[in-house]
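The values are calculated or read from the model by the stated rules, or taken from the named source; none is laboratory data. All of these numbers come straight from a predicted model, not from anything done at the bench. Backbone-built Cβ (ideal geometry, glycine too); neighbour counts: all protein chains shown. We work out accessible area using only protein heavy atoms, side chains counted, and drop any ligands, DNA or RNA first. Shrake-Rupley method; radii C 1.70, N 1.55, O 1.52, S 1.80 Å.
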Amino acid sequence: MSRTLKLLPAVLAITVLAALATSCGGGGGEKTATPARTVTAAAGVTPTPAALSGKLEIFSWWTTGGEAAGLKALYDLYPTTCPGTVEIVNATVAGGGGANARQVLTTRMLGNDPPGSFQVHMGHELTDTWVTANYMEPLDTLFTEQGWSSVFPKGVLDIVSYQGKPYSVPVNIHRANVLWYNKAVFTANGLQPPKTFDDFFAAADTLKAKGITPLALGDVDAFASVQLMETVLLGSLGADGYNGLWTGATDWNSAKVTDALNTFKKMLGYVNSDHSSLSWDQANDLVISGKAGMTIMGDWLHADNTAKKFADSGWVPSPGTSGMYDALSDTFGLPKSAPNRDAVVCWLKLVGSKKGQEAFNPLKGSICARIDCDASLFDDYLQSAMTDWKKDAIVPSLAHGAAVKQGWLTNVSDAVTAFVADKNAATLQSRLADACKSATVCK
Ligand code: GAL
């Protein structure tokens, strides 16, 4: 497989990951957690005592149906891996994409009040925000003890590592570039799922003429419009062009970017008028009810459909992105001075385990970060995602902490939020170009 892209290290690593996911046939030698094991705590991870107790606070933004269901499956499994009487405290801050949660987390971390463990995206969000600033414990002993170097693809290990040591445990891989549609609405209107932007706008016009909202959007949390833009950039520029946006190889001031932003603007002409007051899952409700025909969202939406028992959903890669996998991963780490550290370390063992990932991911709408999960436990959408993950060009998500560091993303997010209101594509383009300069990636 040849995917020689000029990429950020993280992007390169995630690309390598795809190659490795293809070449490794699975079958990692996972060791099950063994309480009271004696290990040398060379890298700061201690053995799990025979019986754990006290409270274990897990911090995340997983509050919607499929998100909460996946998290609960892990909580339910905790006592089977971690014997004792630990009481899990489910500390959630609602808000898709996690911006609200990250604000609360930052206050707590800076105030030396960390939760036991917290959800954090693999890549820049983890490394640039917390690892380089020395807030996290390295997990090399745990990874060695659990045999994880042979069950996570090398690319994943590289991305969660800093200076050769892993700092968080990846629980999943999500795909951001999926167009979901209501099959009954499409059939009733003689529509085929759109592959190109031209297909998309033709279908959108048909739906609009029937009084159906073509594209449901819920961007009360800004990530939804940022993510919509990232899928349009990917569909317009292709994988290499998109990746170049994060390395300086693609010029933000180029005509191709202008075209992409005009396509994004045109798309916004087909969304529901109340988008800025809806969450991503409330936007999905419009598709489920047939008031809207399509939405473009990450595959956590598949979990939302499952939780809401909506089975009449179809999916295709978002326009222009066939053969491309816009990826992100949720991970958990060990903050320095985490309360009830032994219980946290055991949580991390569960998060990285085969049984943990096989319980969590079918409910969460994601595929395992591990390579050895049993595919038969996953439904048709997730099996198709597994297939695509092995063969597609993997690119890092902008909106979900993989492509750029937090400061850059904040500047992008502010520019997109302003654009969604004023629709001034020239201003958006110049603000995006400035954001790349401020991040010292572009000149
Ligand atoms: C992403 C996260 C997903 C999902 C989504 C919507 O950032 O990685 O797991 O929760 O936000 O909230």
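Filter segment 382-408 down to the residues that are of a type in the set (Ser, Thr, Tyr) and surrounded by 20 or more Cβ atoms within 10 Å (Cβ to Cβ) and list them by number. Explain how you work it out, then say what you get.
Applying the first criterion (of a type in the set (Ser, Thr, Tyr)) to segment 382-408 yields 384, 387, 397.
Of everything in segment 382-408, just one residue is of a type in the set (Ser, Thr, Tyr) and surrounded by 20 or more Cβ atoms within 10 Å (Cβ to Cβ), namely 397.
Residues 311, 327, 307, 385: which one is within 18 Å of the chain's Cα centre (by Cα) and under 22 Å from residue 65 (Cβ atoms)? Step through it out loud before you land on a result.
Numbers: 311 fails: within 18 Å of the chain's Cα centre (by Cα); 327 fails: under 22 Å from residue 65 (Cβ atoms); 307 fails: within 18 Å of the chain's Cα centre (by Cα).
Going through 311, 327, 307, 385 in turn, the sole match is 385.
Do the conditions hold for residue 299, that is, is it charged (D, E, K, R) and either within 16 Å of the ligand (Cβ to nearest atom) or closer than 24 Å to residue 396 by Cβ (or both)? Let's see the steps before the verdict.
Working: charged (D, E, K, R): yes; either within 16 Å of the ligand (Cβ to nearest atom) or closer than 24 Å to residue 396 by Cβ (or both): yes.
Yes, satisfied.
Of the numbered criteria (1) within 16 Å of the ligand (Cβ to nearest atom); (2) buried (at least 23 other Cβ atoms within 10 Å of the Cβ), the one residue 370 fails is (1). Residues in segment 385-416 that are out of contact with any Phe, Trp or Tyr (no Cβ under 8 Å at 6 or more places or on another chain) and polar (S, T, N, Q): 387, 397, 406, 410, 411. Scanning segment 72-121 for residues that are in a helix (DSSP H, G or I) and within 19 Å of residue 136 (Cβ to Cβ) gives 98, 101, 102, 103, 104, 105, 106, 107, 108, 109, 110.
State whether one or more residues within segment 132-147 are within 27 Å of residue 282 (Cα to Cα) and open to solvent by 40 Å² or more (accessible area, probe 1.4 Å). For segment 132-147, residues within 27 Å of residue 282 (Cα to Cα) and open to solvent by 40 Å² or more (accessible area, probe 1.4 Å): absent.
Take the residues in segment 203-237 that are within 15 Å of the ligand (Cβ to nearest atom) and polar (S, T, N, Q); name whichever of them is farthest from residue 63 (Cα to Cα). So, considering only residues that are within 15 Å of the ligand (Cβ to nearest atom) and polar (S, T, N, Q), the one farthest from residue 63 (Cα to Cα) is 231. Of the numbered criteria (1) more than 15 Å from the chain's Cα centre (by Cα); (2) within 16 Å of the ligand (Cβ to nearest atom), the one residue 344 fails is (2). The number of residues in segment 147-161 that are out of contact with any Gly (no Cβ under 7 Å at 6 or more places or on another chain) and within 20 Å of residue 397 (Cα to Cα) comes to 9.
Give the residues of segment 54-67 that are in contact (Cβ under 8 Å) with a residue 40 or more places away in the chain and either touching a strand residue (DSSP E or B) at 6+ places or on another chain (Cβ under 7 Å) or on the phi < 0 side of the Ramachandran plot (or both), sorted by residue number.
Answer for segment 54-67, where residues must be in contact (Cβ under 8 Å) with a residue 40 or more places away in the chain and either touching a strand residue (DSSP E or B) at 6+ places or on another chain (Cβ under 7 Å) or on the phi < 0 side of the Ramachandran plot (or both): 55, 56, 57, 58, 59, 60, 61, 62, 64, 65, 66, 67.
Contact map, segment 266-277: residues that are touching a residue at least 60 places away in the same chain (Cβ under 8 Å) and under 10 Å from residue 216 (Cα atoms) paired with residues that are of a type in the set (S, T, N, Q) and outside any helix (DSSP H, G or I), Cβ distance under 9 Å, separation 6+ or inter-chain. Pairs shown: 270/213. The set of residues in segment 98-116 being within 15 Å of the ligand (Cβ to nearest atom) and open to solvent by less than 10 Å² (accessible area, probe 1.4 Å) consists of 98, 101, 105.
Scoring residue 229 on the criteria (1) open to solvent by 20 Å² or more (accessible area, probe 1.4 Å); (2) at pLDDT 95 or above leaves a single failure, condition (1).
Answer yes or no as to whether residue 301 is open to solvent by less than 20 Å² (accessible area, probe 1.4 Å) and in contact with a Lys or Arg (Cβ under 9 Å, 6 or more places away or on another chain).
Numbers: open to solvent by less than 20 Å² (accessible area, probe 1.4 Å): yes; in contact with a Lys or Arg (Cβ under 9 Å, 6 or more places away or on another chain): no.
Here the answer is no, as residue 301 does not meet what is asked.
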